[in-house]
Each structure stands twice: as C-alpha cells, then as structure tokens.
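What follows is one structure encoded as structure tokens, with my remarks underneath.
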Amino acid sequence: MKNQSELFSIFCAFCSEIKNQFDLSIRTLRSDNAKEYTSTLFQSYMIQNGMLHETSCVDTPSQNGVAERKNSHILETARALLSQMNVPKPYWADAVSTACFLINRMPSSVLNGRFPYKILFPDKPLYPVEPKIFGSTCFVRDVHQNLSKLDPKSVKCIFLGYPRLQKGYRCYCPSLNKYLVSIDVTFMEDTSYFSSLPSANFEEDADNLLVYSITSSKHISEPDPKPSSTPIEPPVIHVYSRRPPPGSCPPPVPSSLDPIQMGQFLGLKSVLLLRDMLKPTEWTILTLFLLLLN
C-alpha cells in the first residue's frame, strides 16, 4: 500500500480471500479512529456484509493492544534484518515483508509452540525454498536470449525476501533497476551487498567523530631568544660503505694468534696448512708455544 486511500480496495480483496480460502467471514473489525476506517465508503461496505466496526477511544492505543504488540514485533524484526547487513532504510518494505514471512514460520507461545503457518496450511511445507540471509549478495541467472558465449551468465543482486505466490527468491538488481524472482540463485551469505558502500549515516555523523592527532613523543620547544653558552653537538652521521668484492680483501690486522706473525718461523703456507689440520685447542696451544719461543 503506497497511499492510505488504497486501504478500502485492499480490505475488500482480503475479505474475499479469507472467504474463498478458509470458508470464513470477518465478523468484527477493531481499529483506531483513522479517517480511512471511518469513511462513508468503508462503513457502507461493512454494513452490507454484516460486519461490526469497533473503535478505540482517542489517544488510547492500549484498547487495541493485540494489534499494537504485533506491530511492534514486526518492526523490531524488520529493524534487526536491516541492521544485520547494513541495508539502507528505503528497503524497509522488503524487510517488513520478510519479517512477516519468518514470524509466521516460527513457534508461537500463544499457540503452545506451534507454527502459525502450519495451522493454516497443515499439508504444505514450512519453507517452499531454503531460507537465506536478508540483504546478502546474490547472483541471479540471466535469462535473456541475446546473450553471447562471452557475456556474463548472471547479474549481481540483493536478496530481499520471498515472493508470496512463487517458489523462488525475490532479488533486486540495481543495474537493471527492477526486481527479479528466480530459483537459480547463487548466494554469498557472508557478504553484504552494502558492505563496500559508505554508510548512509556516515556523512551525518562525520562531525561527531573523534579525531586524534599524532604528535612526536619528543617535546618541541620554541627557540630560546638568548644564546646558550653550551656548545651544540653536531648530529651523528652514519657512513655506510659497500662490501668489497671477493678476492680484494686487505690482509687482516696482525694479532697475538694470527698465523701471519708465525710465518717467520714456519712460513705462511705451512702455517695455514697446519691450522686447517689441527683442532682449535691444539692450534691455540701451538700458537702460545711459538710466541714463547719468539
């Protein structure tokens, strides 16, 4: 219903459906004092069909508590569906329709744990299709006949519920700007269609965000107008040099255990050969012995 003036035609269609599907007729209607319920056309229809119209007192919604509580239940479920996948508010009608679909297929304490849908349709399956996550990303098979072999075989859509009179999924394609109902749908239930898009309330709340500035841990003081007598040390400059290529290394600096220093006794080549043959402990003892001889 897009306009309140459509209420009368919708109510007439609802009464006819109840009469044909369940062989029942509406006896009493309880509502508030809205103008669409108290219009002459609406009142004359109820009189012709023998219906009683009960209205609540002004500003007393508690007298119609059953309808108010059910309305609150539907809105809370729809709000949860929208916020779970960051679905924008313009899709509220689809969220409300999906909420009614799910509520009718969940156990009710008023019915002693039974399902409302099973009471009305005991022979039909509870879910005509497997339930999916509202607002998730899905890909609907493209059924256009002009597709070539290299064209994509599906279109990216938003899953927005279940059709009432069809066995499939109701998806909305933003690129085509229309709803698609199909059973050949591939779902990405862990990915919201709106996860990569900026939030609708981000721009409104941008002024309320806390902004933290990152400053250096060192305190930067203003320059002293009076010259200081303490000399300022120059900054430390790290000098790096390239590693010389192999074969061009300078000879090592002589030390107390360097084989170059022992060359005067045994010769350089003999010392190097002897160092490779001996163990480290034996090499150390031999070096100390030769130093004593020197």
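Each value in this text was obtained by applying a stated rule to the coordinates, not by laboratory testing. All figures in this text were calculated on a predicted structure; none of them were measured in a lab. Cβ sites come from the backbone with ideal geometry, for glycine too, and all protein chains shown count toward neighbours.
Side notes on the structure shown:
- Yes/no for Asn112 being part of a loop (DSSP other than H, G, I, E, B), out of contact with any helix residue (DSSP H, G or I) (no Cβ under 6 Å at 6 or more places or on another chain), polar (S, T, N, Q) and in contact (Cβ under 8 Å) with a residue 24 or more places away in the chain: no
- Restricting attention to segment 41-82, the residues that are touching a strand residue (DSSP E or B) at 6+ places or on another chain (Cβ under 8 Å) and β-branched (Val, Ile, Thr) add up to 1.
- The one condition in (1) crowded, with 17+ Cβ neighbours inside 10 Å; (2) outside any strand (DSSP E or B); (3) of a type in the set (A, V, I, L, M) that Val140 fails to fulfil: (2)
- Considering (1) without any contact (Cβ under 8 Å) to a residue 24 or more places away in the chain; (2) within 23 Å of Pro163 (Cα to Cα), the lone condition that Leu7 does not fulfil carries the number (1).
- Segment 17-34: number of residues that are more than 14 Å from Leu120 (Cβ to Cβ) and either surrounded by 10 or more Cβ atoms within 10 Å (Cβ to Cβ) or touching a residue at least 40 places away in the same chain (Cβ under 8 Å) (or both): 9
- Within the option set Ser83, Ser56, Ser62, Ser72, being within 22 Å of Pro131 (Cα to Cα) and among the small types (Gly, Ala, Ser) holds for one residue only, Ser83.
- Every residue from segment 56-75 that is acidic (Asp, Glu) and surrounded by 11 or more Cβ atoms within 10 Å (Cβ to Cβ): Glu68
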